[in-house]
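One structure is given below, encoded as structure tokens.
The values are calculated or read from the model by the stated rules, or taken from the named source; none is laboratory data. Note that this is a predicted model, so its numbers are computed, not measured. Because the Cβ atoms are built from the backbone with ideal geometry, glycine has one as well, and the counts that use them run over all protein chains shown.
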Amino acid sequence: MEKETSESMESPSMMTYVVGAVLVVAVIAGAWYFRMKGTKGPVVEPGGQPIAVATPIPGPISGLGCDQLYYNPKVAFNEYYLSAEGGDFSNAERVTCTFTVSIDGKEVATATALGPLTDAPQRNGKTFRCTTKAVAVEPNVSSVVDVVLKDDVKGSATCSATFIFPPQL
């Protein structure tokens, strides 16, 4: 009787090891399968043609102007860093950007930033980026950001964008 009892005790623990090993192999195989499935390559249409993904590429610079206006929030404050990126093809060295934030036609904030011009031969001109210090703006309200650009050789341009600044808590 004692022999049967010790054999029956070894059986369940051996079975536990076997089941554990099978589960480990299944998890590794599943991870490998899904990792390989995610790196198949380009997405193709039913006809076998790859689907083109549009990537905006700025064109040649034709004068002083904005390519993009955007903002970055200051963490834990309802303040935002306003930025303008663009280009110029003159012999200027820098661009002064004056940002004006308006809500319902009423000016609520103004900031000025200086952006150096750097050569961009691929666009036949120079590019700049102006970023302000943190500007306090009311969140969750449609705000119009107008930017006046002036380079150091008397060129000027304007651009505008509408943002709804998210609250920072």
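Table for the structure above
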read-out	value
Single residue of 90, 102 found to be in contact with a Gly (Cβ under 7 Å, 6 or more places away or on another chain) and touching a residue at least 24 places away in the same chain (Cβ under 8 Å)	90
Given (1) under 13 Å from residue 82 (Cα atoms); (2) at pLDDT below 95, number of the condition residue 152 does not satisfy	(1)
Where residue 140 falls short, out of the listed (1) in contact (Cβ under 8 Å) with a residue 60 or more places away in the chain; (2) touching a Pro at 6+ places or on another chain (Cβ under 8 Å); (3) assigned to a loop (DSSP other than H, G, I, E, B)	(1)
Residue ranges of strands (runs of 3 or more DSSP E) in the range 14-128 with at least 3 members modelled with pLDDT of 90 or more and within 28 Å of residue 139 (Cα to Cα)	65-73, 79-88, 94-103, 106-116
Candidate set from the range 137-158 (those that are within 23 Å of the chain's Cα centre (by Cα) and among the acidic types (Asp, Glu)); member that is surrounded by the fewest Cβ atoms within 10 Å (Cβ to Cβ)	138
